[in-house]
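Shown next, in structure tokens, is the structure this report addresses.
Each value in this text was obtained by applying a stated rule to the coordinates, not by laboratory testing. It should be emphasised that the depicted structure is a prediction, and the values quoted were computed from it without experimental measurement. Cβ placement follows ideal geometry from the backbone for every residue including glycine, while neighbour counts extend to all protein chains displayed.
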């Protein structure tokens with residue numbers, strides 16, 4: 001076993017890299033932008049990590065490529081979101097340049113996008129794209145453009161959470177004026193091909209191409225070489241997605257066709273606006289959705305709605321979906337990620353952690369507050385004990401409400417959250433006096 005200068009990087013003759021600084025290397029995971037990705041282990045914090053090591057030429061990384069490699073660290077290092085692979089560390093050991101990232105178990109979207117793969121349910125595609133849209137909205141608001149959104153750069157965890165990765169050619173918004181062309185040809189927008197200054201609309205175009213493939217298994221453009229492919233992307237309208245799959249709802253087709261518009265101004269102005277259109281599409285399957293038929297007077301009998309005036313109740317209903325669940329149905333699943341708040345309108349439900357009931361929810365109770373605020377993984381499950389009716393409020397849709405209605409909503413939301421935290425503290429003191437279990441077990 002040879003040791004590189006500085007004693008940090010170790011290699012074996014037959015198996016490649018085995019140690020990089022403090023990180024133990026257990027094997028190669030694959031290849032990413034500019035290098036190989038290894039599975040590693042951080043012994044200090046006791047966690048698995050993914051380590052990207054830049055490819056070198058004659059033992060050295062050219063200065064231009066080194067700058068591009070560490071541009072990923074600058075771009076991804078400022079981002080912390082459930083829909084983005086987290087960057088933990090970056091450094092150099094001898095001649096090796098590396099990035100240390102969150103290890104994500106799961107598979108990328110490459111296989112589901114292939115022609116011979118089973119087509120995912122429409123609701124599943126909408127849900128994946130919704131979560132990616134919210135992640136991109138966060139990325140763009142942080143002033144970063146990804147520039148290489150494609151199926152291979154979207155990892156999906158076993159819990160169903162997509163995570164965008166590989167910021168190897170990312171750039172600060174408004175600062176990418178090199179005029180060069182970089183990206184994956186099929187997923188590049190017309191303006192990216194032309195080397196024009198890019199905006200968030202370029203990433204959304206690429207996401208639209210991913211959605212097109214997930215729904216149809218076929219690319220909208222096929223060519224024998226990259227030059228011809230670029231010409232078709234620039235000049236030819238993308239074949240309407242419904243021409244490839246006739247059973248798609250009109251609303252789904254409208255989203256995809258808008259994302260693939262040639263003119264960036266004709267696409268969605270932001271990931272959040274895209275999420276607003278995807279949210280109802282992701283909710284069509286599974287439990288039965290229906291228009292809420294409760295009168296405003298009936299709603300006001302519930303504590304959460306007492307302070308709302310009729311016009312505001314109408315706005316809130318427009319930003320929400322009512323859902324019926326049968327006894328035994330799972331409303332929220334532990335480990336999954338969403339950003340919805342739930343209000344129990346009828347029936348009884350149980351909060352469960354590791355299969356054990358830890359709380360009972362009744363008519364008028366709210367749940368899912370932590371996920372609504374931060375879009376983090378749910379720490380507990382909520383299961384219907386009886387047939388229930390739930391109002392599901394999606395954070396992506398609240399922007400459609402008036403400022404006055406939003407202010408009233410968030411004031412009542414905060415009051416309820418404080419009451420819930422107080423009740424949870426008292427319950428934890430009674431039931432779990434010797435435990436350090438997190439309070440959010442009761443706030444799934």
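For the stretch 107-282, state the semi-axes of the equivalent ellipsoid (square roots of 5 times the eigenvalues of the alpha-carbon gyration tensor), sorted largest first and rounded to whole angstrom. Could you put the intermediate results ahead of the total?
Values: eigenvalues 101, 73, 48 Å².
So the three semi-axes of the stretch 107-282 are 22, 19, 15 Å.
Can you tell me how much longer the chain between residue 297 and residue 18 gets when fully stretched, taken as 0.36 nm per residue apart minus their C-alpha distance, in nm with one decimal?
Details: separation 279, 0.36 × 279 = 100.44 nm, distance 6.72 nm.
Roughly 93.7 nm would be gained on extension.
Quick one: if you take sqrt(5λ) for each eigenvalue of the C-alpha gyration tensor of the stretch 243-394, what semi-axes come out, biggest first, whole angstrom?
Details: eigenvalues 182, 78, 46 Å².
Each semi-axis is the square root of five times an eigenvalue, giving 30, 20, 15 Å.
Quick one: order 104, 210, 256 by neighbouring beta-carbon count within 10 Å, fewest to most.
Details: 104 18, 210 26, 256 23.
Ascending number of Cβ neighbours within 10 Å: 104, 256, 210.
Using a Förster distance of 30 Å, how high is the FRET efficiency between residue 306 and residue 123, based on the Cβ-Cβ distance and rounded to 0.05? Display every interim value, and only then the final one.
On the way: r = 34 Å, r/R0 = 1.12.
The computed FRET efficiency comes out at 0.35.
Listing 80, 296, 140, 146 from the residue with the fewest other Cβ atoms within 10 Å to the one with the most, what is the order? Spell out each step's value before the answer.
Values: 80 11, 296 15, 140 20, 146 29.
Final ranking by Cβ density, sparse to dense: 80, 296, 140, 146.
Tell me the label-point distance for the pair residue 327, residue 362, using the 7 Å Cα-to-Cβ offset, in nm and rounded to one decimal.
The modelled label-to-label distance comes out at 1.8 nm.
Using the count of nearby Cβ atoms within 10 Å as a rough guide to exposure, how do 378, 309 rank from fewest to most? Could you put the intermediate results ahead of the total?
Values: 378 21, 309 13.
The most exposed by this proxy come first: 309, 378.
Give me the number: length gained by fully extending residue 115 to residue 31, i.e. 0.36 nm times residue separation minus the C-alpha to C-alpha distance, one decimal in nm.
Working: separation 84, 0.36 × 84 = 30.24 nm, distance 2.31 nm.
Using 0.36 nm per residue and subtracting the Cα-Cα distance, I get 27.9 nm.
Under a point spin-label approximation (7 Å from Cα along Cα-to-Cβ), what is the residue 44-residue 265 distance to one decimal in nm?
Taking the two extended label points, one gets 5.1 nm.
Which FRET efficiency value, to the nearest 0.05, do you get for residue 374 and residue 227 by plugging their Cβ-Cβ distance into 1/(1 + (r/R0)^6) with R0 = 30 Å?
0.10
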